[in-house]
Amino acid sequence: MLKKIATALLLLASVGPLVALEFNEGFVRGLPPTQTTTAAFFTVTNPSDEVWSLTRVHSPAAGSVEIHEHINRGGTMQMRQLMALDIPAGESVVFAPGGLHLMLIGLTKPLREGDEVSLQFESEKGAVVEIVFPVISVVNEHRHHHHAHH
Ligand SMILES: [Cu+2]
């Protein structure tokens, strides 16, 4: 189930041709209920022949969702918010621990293993792609990655 390939639903494309995105190995990190912020990881592929510029992400599970990357500044890992991220035509972008990730801020309820989280990806041109990711507890995350890469 964790390896399944999900092709996102295209809900709306106000400009340009219909373009969907494909998501692989997506999950939201399940943390103890005291945590109100968590992260989502996945590989997103743009199968079309034009760039998909990601500008906003929404989720009913969080007050806000930000696109973050980790950067090494003088030996210290820091998170930086990206206001937009291009998914080039025909290419994949990997969101993974230690690199790019979505930050879900202000969780509306604690997320437990087995829960599902809906995310809406909005492009610069107003296209919206919705995807549902499973919640995987942080204690099972390593195992998930191990399996996912085999
Ligand atoms: Cu972050």
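None of the figures in this text is laboratory data; all of them are computed from the coordinates on show. Just so it is clear, the structure is predicted and the values come from calculations on it, not from any experiment. Don't worry about glycine lacking a Cβ; one is built from the backbone with ideal geometry, like all the others, and counts go over all protein chains shown.
Residues His101, His58, His68, arranged from fewest to most other Cβ atoms within 10 angstrom of their Cβ, appear as His58, His68, His101.
Cβ-Cβ distance of His142 and Ala89, R₀ of 41 Å, FRET efficiency by 1/(1 + (r/R0)^6): the value works out to about 0.80.
Evaluate Rg over Rh across segment 73-136, taking Cα atoms for both radii and Kirkwood's formula for Rh. Write down the numbers at each step before the final one.
Values: Rg = 14.4 Å, Rh = 14.5 Å.
Result for segment 73-136 is an Rg/Rh of 0.99.
Couplings for segment 107-119, taken from phi via the Karplus curve 6.51 cos²θ - 1.76 cosθ + 1.60 with θ = phi - 60°, read 4, 6, 7, x, 9, 10, 3, x, 5, 10, 10, 8, 10 Hz in order; Gly and Pro are left as x.
Placing pseudo-labels 7 Å out from each Cα toward the beta carbon at Asp115 and Ala96 gives an inter-label distance of 2.7 nm.
Over every pair of different alpha-carbon atoms in segment 5-140, take the mean of 1/r and invert it; report that Kirkwood radius in Å.
On the way: mean 1/r = 0.0656 Å⁻¹.
Across segment 5-140, the inverse of the average 1/r is 15.2 Å.
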